[in-house]
């Protein structure tokens, strides 16, 4: 029996409804349990001495004074940890040519970015460890710094890792059709230079790990704020020489991840190595400055791109030359080539065109490593694509909505393969655009804009269509040799009281995974969501799985939960049919009761079935299967990714005297397939939009020419805050993926993917009558005034 | 990071506080609202401080009408300044400034004395004191002394308060009947330190213009004041841009700040004359 999604009045209809979040009360009451809330017997704390230089030779390390600090127990150098921890190399076979040198948990004889761990001080308290760290004397010899991305490959630039030969980490060129020929003859060619600002994820809870190596059991337990517990299990086992089965990763409450917590960090592996040496629980909690210097950065791209259109505004070609710099090492194990690779995969995504060239050049530099952050590569690709489309429309005197309608894939064109070789199963660009136009009342907004302009007030409307990659298959990481599971599993069991426990390999980062799982399992089995307890984040308990990344929790983890819940339902009904001497097909489970499927008449509560199975199994027919626990796994197989689509719009006002942008309103219509929980999806979209708006207007990590990070605090690195956020209107179109019964695709990154481009286009719409244009994010007041030519130096 | 304080003592009264400061061997730090000091300690930008907590010393909070002037206790919190009827009536610049200062949680604990003693050139209250021509009252082992605002702010985070002294009160002249007081600023986000801020006070004796975030201290723009006294707004804008030498940082360049200072002056003049909302 399949779920009748089309019938909102079906029994147990929790999928598609907003249900209470099972963990909300705990979190709101301050009873969450984060890593830093855990205290173990004999636990010690580690603080790291970090490189103050972007590139320096480590000549000597003097720890004598630090050892004398009260509470300091031991001090470790990179060489000390190398004895128990092997280095890693972050490359993937399918990213051809990607190279990166071996990286140790702490610098060995050379530091390569400001913030790289050099010495670890272990003490009875974090404060004492910091007191000790302040007294460690490291003698450095500064080396030449590679800071600038665009000159990193110049012959005159020093090579950061001589054994690598040059500063090129990865390069990919994709070409389809006759790009040069089209650009030579096209009706109109528009080009632009884009820059996206280096920024980071800024989680409320910083990176946190507590590792407990117990030599008596030969077991390592890591309490870890992570998105991928099983991946971390493999990494710790591999590099610390512990059998994988003897590493247990427990991930309790996590205060936000956004991709930051899906990577392997040297200081976290160092913490595990220290625990193994000291045979004591060791805790490391990053402070805010450490977060800014050591959490992965992202989005540091510079792009030269052009578009060719014909006289009707039909897009003929895109040509994109993308550059990004990733710091000193590719980040383990997902690598730092993915973001540039995504730019190549995603540019031009919504549009039906034939000729495409995109190249990404990924270089090493002496800065904090970059890696995957929410909506990896999407905000960059969407900004390039939608920026160029708007510029082309303006050149042709065409409305920006009209040019998009003329070029978006028709809603009945699917399946289709894009010029970037992305395969789309089913998208809804036109339906989404129609819905957006209705929600924003586009014509009325244009009238308001004109009226404001007559008063000397400069408002702009920006549109950004986008595609988003979700539900990844092994084609994302596994194919390249990484032990990162694209499959996920769920175990569902019924206990004697008729309550349900669901254990899932996907994880809760604060985004509502457990709520989503609870309602799927509730519907799948036929119980109230409040009667489902969800357990995630424990490698010793849950089925093996990938965790939370690439918008896979609902689409992959949710489908596994649905299938296991349906299997449990069938098991329960098989027992019930025997007990009730009825045909199994005539029975159903509703609200925790076995009922007659036609009339809904209650036949037996689940707790009675539980009582019989667990305590009076002797009364059941001999040989009757009575497995009230079922596990199912799910992996996508038809498509490498389930693409989603959507369109965003921004309405804003530019103060042309100060350059300050005021966001007036923001809209997003997106299609994530089947919506499991409307409120959670809307909040994912809103939160994603906020992070996209951060990239558009506020967030930027600054370095000087010597690779010194200049803004490592919440006062200097500007995250988007409520005061500047506009009202947001979120709408949906639902095109379920046919790959799964649930039909859900991901929703976690759509907001971030499209918001920066919508804002850029809106600012440029406001500035266009003044002859100005901005393409460098974030769009600071100063950049806007400079575009207007208002500032004299 | 974890703070590394040298010690902590709560003062029972003002003389006790001054006694504690004298005993702290140059490491004494007065703790009032703690909204800047504790943050600095938590980043170990300041270590070994002997904290002298004056937050419960009585008589240092509140606003008194002294006839020609208002006397504001140093422990008066930002939120109280913003809502106080005497301030709103007689020193509206200070009340207006409060809405630009940080966020509610900080305004609930931060004190005006703390903000002035901290002397952050990007903060609103120090610039307001210059524009209003305030007098600061400082207690030490030898009793009370006073300092004009012009002489009080010496350098970045440095004032004329000595190691063994405590800022206890501020007096500001009450606004004349037709006096106008205006604060204009540009910040990246609500509550952020201003990229540039400007206070304009128009009273019978002439205009006073002070700026925040353009130098190592809040400053008076004396040339612009002279021009404005002569009714020359364009001249004042030009003079202002010429007489300031603002810093560049990650938020904005000196050129941007210089340009915006002029824009803010025009806006302040328009607001002062009532033709700008």
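The values are calculated or read from the model by the stated rules, or taken from the named source; none is laboratory data. Treat the numbers as computed from the prediction; the structure is a model and nothing was measured. Please note: Cβ atoms are built from the backbone with ideal geometry, for glycine as well, and neighbour counts cover all protein chains shown.
As a summary of the residue check, residue A:695 satisfies the conditions (1) under 22 Å from residue B:249 (Cα atoms); (2) more than 11 Å from chain B (Cβ to nearest Cβ); (3) outside any helix (DSSP H, G or I) except for the one numbered (3). Do you know which of the residues in the stretch B:248-261 that are outside any helix (DSSP H, G or I) and surrounded by 20 or more Cβ atoms within 10 Å (Cβ to Cβ) is nearest to the other protein chains (Cβ to nearest Cβ)? Residue satisfying both the conditions and the ranking: B:252. Among the numbered conditions (1) closer than 15 Å to residue A:459 by Cβ; (2) in contact with a strand residue (DSSP E or B) (Cβ under 8 Å, 6 or more places away or on another chain); (3) away from chain B (no Cβ under 14 Å), the only one that residue A:772 does not meet is (2). Within the set B:26, B:62, the sole residue that is away from chain A (no Cβ under 14 Å) and at pLDDT below 95 turns out to be B:26. Scan the stretch A:710-720 and tell me whether some residue there is more than 9 Å from chain B (Cβ to nearest Cβ) and surrounded by 17 or more Cβ atoms within 10 Å (Cβ to Cβ). Yes, the stretch A:710-720 contains a residue that is more than 9 Å from chain B (Cβ to nearest Cβ) and surrounded by 17 or more Cβ atoms within 10 Å (Cβ to Cβ). Exactly one residue among A:157, A:185, A:151 is away from chain B (no Cβ under 14 Å) and either farther than 30 Å from residue A:391 by Cβ or in contact with a helix residue (DSSP H, G or I) (Cβ under 7 Å, 6 or more places away or on another chain) (or both), and that residue is A:157.
Yes/no matrix, rows are residues, columns are (1) surrounded by 24 or more Cβ atoms within 10 Å (Cβ to Cβ); (2) in contact (Cβ under 8 Å) with a residue 40 or more places away in the chain; (3) out of contact with any strand residue (DSSP E or B) (no Cβ under 6 Å at 6 or more places or on another chain); (4) at positive phi:
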| position | (1), (2), (3), (4) |
| --- | --- |
| A:253 | no, yes, yes, no |
| A:258 | yes, yes, yes, yes |
| A:261 | yes, yes, yes, no |
| A:268 | yes, yes, no, no |
| A:272 | yes, yes, no, no |
| A:276 | no, yes, no, no |
| A:282 | yes, yes, no, no |
| A:289 | no, yes, yes, no |
| A:293 | no, yes, no, no |
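When you scan the stretch A:221-228, do you find a residue that is surrounded by fewer than 19 Cβ atoms within 10 Å (Cβ to Cβ), in contact with a helix residue (DSSP H, G or I) (Cβ under 7 Å, 6 or more places away or on another chain), under 15 Å from residue A:540 (Cα atoms) and in the same structural domain as residue A:91 (by TED's automatic domain parsing), even just one? The answer is no; no qualifying residue exists.
Scanning the stretch A:728-742 turns up one or more residues that are in contact with a helix residue (DSSP H, G or I) (Cβ under 9 Å, 6 or more places away or on another chain) and within 15 Å of residue A:652 (Cβ to Cβ). Within the stretch B:1-20, being part of a loop (DSSP other than H, G, I, E, B), surrounded by 17 or more Cβ atoms within 10 Å (Cβ to Cβ) and more than 14 Å from chain A (Cβ to nearest Cβ) holds for one residue alone: B:11. Of everything listed in (1) within 23 Å of residue A:146 (Cβ to Cβ); (2) in contact with a strand residue (DSSP E or B) (Cβ under 7 Å, 6 or more places away or on another chain), the single unmet condition for residue A:366 is (2).
Within the set A:766, A:762, the sole residue that is closer than 30 Å to residue A:680 by Cβ, surrounded by 19 or more Cβ atoms within 10 Å (Cβ to Cβ) and more than 14 Å from chain B (Cβ to nearest Cβ) turns out to be A:762.
Among the residues of the stretch A:633-668 satisfying the criterion of being within 14 Å of chain B (Cβ to nearest Cβ) and part of a strand (DSSP E or B), which is farthest from residue A:752 (Cα to Cα)? Looking at residues that are within 14 Å of chain B (Cβ to nearest Cβ) and part of a strand (DSSP E or B), I get A:654. Among the residues in the stretch B:134-142, are any outside the structural domain of residue B:19 (by TED's automatic domain parsing), farther than 22 Å from residue B:15 by Cα and in contact with a helix residue (DSSP H, G or I) (Cβ under 7 Å, 6 or more places away or on another chain)? The answer is yes, given that some residue of the stretch B:134-142 is outside the structural domain of residue B:19 (by TED's automatic domain parsing), farther than 22 Å from residue B:15 by Cα and in contact with a helix residue (DSSP H, G or I) (Cβ under 7 Å, 6 or more places away or on another chain). Out of curiosity, is residue A:716 within 30 Å of residue A:114 (Cβ to Cβ), without any contact (Cβ under 8 Å) to a residue 60 or more places away in the chain and assigned to a loop (DSSP other than H, G, I, E, B)? So residue A:716 fits the description; yes.
The number of residues in the stretch B:119-138 being more than 13 Å from the chain's Cα centre (by Cα) and either surrounded by fewer than 21 Cβ atoms within 10 Å (Cβ to Cβ) or more than 18 Å from residue B:61 (Cα to Cα) (or both) comes to 1. Reported count of residues in the stretch A:774-793, each being farther than 17 Å from residue B:257 by Cα and surrounded by 18 or more Cβ atoms within 10 Å (Cβ to Cβ), is 4.
Listed by first and then second residue, the pairs with beta-carbon distance under 6 Å, at least 6 apart or on different chains, first residue in the stretch A:232-244 and part of a loop (DSSP other than H, G, I, E, B), second modelled with pLDDT of 95 or more, are A:242/A:220. Checking each residue in the stretch A:456-491 for being in contact with a strand residue (DSSP E or B) (Cβ under 7 Å, 6 or more places away or on another chain) and assigned to a loop (DSSP other than H, G, I, E, B) picks out A:457, A:471, A:487.
Of all the numbered requirements in (1) surrounded by fewer than 22 Cβ atoms within 10 Å (Cβ to Cβ); (2) assigned to a loop (DSSP other than H, G, I, E, B), residue A:248 misses one, and that requirement is (2).
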